[in-house]
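The values are calculated or read from the model by the stated rules, or taken from the named source; none is laboratory data. From a predicted model like this one, the values you see are computed outputs, not experimental measurements. Here the Cβ positions follow ideal geometry from the backbone for every residue, glycine too, while neighbour counts run over all protein chains shown. Quick note on the areas: whole protein, heavy atoms, side chains included, nothing else; ligands and nucleic acids left out. Shrake-Rupley method; radii C 1.70, N 1.55, O 1.52, S 1.80 Å.
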Amino acid sequence: RFPWAIQFSSAGVTFPIKISTESKSFEPVEGDEQAEFMVDVGQNPQSGQVFDVNQSVLFAGDTVRLNKVTAFKNGYSFNFSLGGKISNLSVSLQNCKGYSSGGVGFAAVEPETMSQSIFCENTPIGVLTVILTDAYVSHDRTTTDVFWAPD
């Protein structure tokens with residue numbers, strides 16, 4: 001999906017050359033499964049404050065553990081451990097009208113953990129409801145070989 005190019009000196013090269021690429025594909029899990037975590041961050045969470053959670057739920061046929069939550073001025077960051085079946089998921093926060101989110105999902109190597117941050121117009125306090133949706137599974141890495149020669 002991403003264009004790329006290689007420039008090299010062809011002196012002494014015998015064509016065709018073999019170009020090998022390794023890839024891993026991801027696809028959404030069928031259905032509309034959802035799971036929730038309840039986390040009490042108190043009435044006055046401070047920016048940078050870390051809440052160790054270590055709660056697990058069954059989601060999309062896998063065990064997902066919410067390791068910790070970090071409070072920020074306008075939201076929270078969530079750190080998860082993924083079992084072995086799913087490779088990514090979407091995270092939302094009840095009562096948070098989000099204006100931005102981001103994180104590390106579909107990790108480049110093997111996504112055993114992922115983090116997701118959610119920023120809110122009015123940051124919820126007290127007991128948070130963290131909602132998991134849109135699970136993805138990954139397939140085994142594959143190697144594709146292409147043989148190329150200049151025209």
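Taking the solvent-accessible surface of protein heavy atoms with a 1.4 Å probe, what is the per residue accessible area of the chain in Å²?
64
Could you look at the range 1-101 and say what percent of its accessible area is carbon and sulfur, using a 1.4 Å probe and all protein chains?
Heavy-atom surface of the range 1-101 belonging to carbon and sulfur, 1.4 Å probe: 45 percent.
Could you compute the FRET efficiency for Ser90 and Ala149, with r as their C-beta to C-beta distance and R0 at 41 Å, rounded to 0.05?
0.40
About the Cα centre of the chain, how large is the charge dipole given +1 on each Lys and Arg Cβ and -1 on each Asp and Glu Cβ? Please answer in debye to the nearest 20. Each step should come with its number before you reach the end.
On the way: 9 positive and 16 negative charges, 87 e Å.
That gives a dipole near 420 debye.
Among the lysines, which fall within straight-line cross-link reach of Lys24, defined as a Cα-Cα distance under 27 Å, with same-chain neighbours fewer than 8 residues apart omitted?
Within the straight-line cut-off, Lys24 pairs with Lys85.
Determine which residues of the range 115-151 fall in the zone a paramagnetic label at Val13 would reach in this model, i.e. backbone nitrogen under 18 Å from the point 7 Å along Cα→Cβ.
145-151
If the cut-off is 19 Å between C-alpha atoms, which aspartates and glutamates fall inside it for Lys73, apart from same-chain ones fewer than 8 positions away?
Those aspartates and glutamates meeting the cut-off are Asp40, Asp52, Glu121.
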